[in-house]
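Read the structure below first, then the notes.
The values are calculated or read from the model by the stated rules, or taken from the named source; none is laboratory data. Since the structure is predicted, the reported quantities are computational estimates derived from the model, not experimental observations. Methodologically, a virtual Cβ is constructed for each residue, glycine included, from the backbone with ideal geometry; neighbour enumeration extends over all protein chains shown.
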Amino acid sequence: MPVHRVLFTALGREVPLAVRRLAWLPRAMIPLTNAHDPESFRRDGHRIVDRLADYLRRAASGSLPVLPAASPDDARANFPADLGATPREDLDALAERVIESAQHLHHPRYVGHQVTPPLPRAALFELVSALLNNSMAVFEMGPGGTAMEDAVIRTFARALGFGDGARGVLTSGGSIGNLTALLAARRAKAPPDVWAEGLAGTPPLAVLASRDAHYSIARAAAIAGLGEQAIVPVAIDPRRRMRPDALGDAFDRARHAGRTPIAVVASAGATPTGSFDPLVPIAEFCAARGLWLHVDGAHGASAALSPRHRHLLEGIERADSVVWDAHKMMMMPALVTAVLFREGRSSYEAFAQDASYLFHGADAEEPWFDVGRRTLECTKRMLSLPLYACLRTLGTAPFAEYVERTFALGRRLYERLAEAPDFEAPVEPEANIVCFRYMSSTLTHMADVDALQERIRKRVVASGRYYFVQTRLDDRLYLRTTLMNPATTDDDLAGLLGAIREAAAQGA
Ligand SMILES: Cc1ncc(COP(=O)(O)O)c(C=O)c1O
């Protein structure tokens, strides 16, 4: 036992931290040892968690600006790059500045992009994941994480109505999830040597998708070597859902352009308005033409957890692949996306290649547990942990309730807009995304109405009272809200319309 420890033990006292640190110095002349000190971690952790708990209370009470007013240059000045060999700031001051400068998703008047206020418990397990740093590519580097990932995947597969043969993986976001699914589709429907040889010499391929499909679909097509032009748009109905009767036309257009269609991508719900494409007739079309059906359920697949909204996904059990983001409608910190394959074999095909330094054995039967084989990532965070921990310790009921409350908020906002003569909401929402615009009686040109929406948004967001975004539908500009916070109230919704009217009255 070191001398200092003997001394303090003889005195019957705990060794003070400062002495422990000094005692270490001769052995480790660098502060790195202190940076790994468990007691410092305990102390820092309590301070940070206390601060975050206070923050959650302040955010919930609405006493913060939703988005602090700061230009990119202000933000840069707030986080100087003068990082040197010695500390520049203490932990509390930095933590406070980080919190103050953030977009505040836990504020009930955050109604912007599809990013959720995470469950605090999920954030705690993020910390566990970060500290354990199990990297997941091969079982041995993350045994528990791998098993939890399998449990999450099987839970999701069951919720979608897939059979026991379904498999899947967790990956870092819906965009990578869509890429993974399209690569599997390409593998299944295009000549098998594409992985090794590339697409040169292969006839051009096509993917049919609604006009409102997320841009990551076109990006995935480009990355997969199909080219963005491979995306053939399918017409949509007035509620912005894919028209199944227009699929044949899109198929023929692809053929006329010299392309071979391999897949249809349906959205459940689509990014601009949350609309759910009708999956049953789309699945029938795919079955009849031998096409892969991918359902981008990044936003809306969580409806599978709600008995009230499950019907929106009818037919999803016939999809070949589904993407489901838990960081959107399951209150998880970004990013955690499930890519699910109805036929488990497909889950091994997106990235099938030889990497014998990682994977051992002849693989007569593919092992489920070396997940790096099936993802774009090699090293991957322990994505399953916060999700598994919350499902396990809270049950699935809070997740169903989350979907139901936020979808109900979307409907309530739509009802308020429908009653208001000075607002126009073109699409009745099926989920929690609502687009609308303020209609000024003095503006007749649509371009001026568009410009007004932009000015309104800038003014309200700059005030810190609300955060919402904007989007184009049929080339017209709309204000776009996603009701992500279950703590948002009907009064908050009324206040939103009030804030917009005020901004318009001030000339926006
Ligand atoms: C329907 C849909 N798919 C995919 C994505 C991309 O997901 P991520 O941001 O996790 O990459 C989004 C994001 O908004 C989305 O709405």
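General observations
- Which numbered condition Ala283 fails, given (1) over 23 Å from Val194 (Cβ atoms); (2) in a strand (DSSP E or B): (2)
- Residue check for Arg211: within 16 Å of the ligand (Cβ to nearest atom), at pLDDT below 95 and either buried (at least 24 other Cβ atoms within 10 Å of the Cβ) or closer than 22 Å to Ile282 by Cβ (or both): yes
- Among residues of region 463-484 that are on the phi > 0 side of the Ramachandran plot, those with a beta-carbon under 7 Å from a residue that is not acidic (Asp, Glu) at least six positions away or on a different chain give the pairs Gly464/Pro65; Gly464/Val66; Gly464/Leu67; Gly464/Pro68; Gly464/Ala69.
- Residues of region 334-344 that are surrounded by fewer than 24 Cβ atoms within 10 Å (Cβ to Cβ) and either without any contact (Cβ under 8 Å) to a residue 40 or more places away in the chain or within 12 Å of the ligand (Cβ to nearest atom) (or both): Ala334, Leu335.
- Checking Leu358 against (1) within 16 Å of the ligand (Cβ to nearest atom); (2) hydrophobic (A, V, I, L, M, F, W, C); (3) at pLDDT below 95, the condition it does not meet: (1)
- Condition met for Thr481 (among the hydroxyl-bearing types (Ser, Thr, Tyr) and loosely packed, with under 14 Cβ neighbours inside 10 Å): no
- Within region 377-425, the set of residues being in contact with a Phe, Trp or Tyr (Cβ under 6 Å, 6 or more places away or on another chain) and assigned to a helix (DSSP H, G or I) comprises Leu385, Pro386, Ala389, Leu417.
- Search result, residues across region 398-433 that are among the β-branched types (Val, Ile, Thr) and within 19 Å of the chain's Cα centre (by Cα): Val403, Thr406, Ile433
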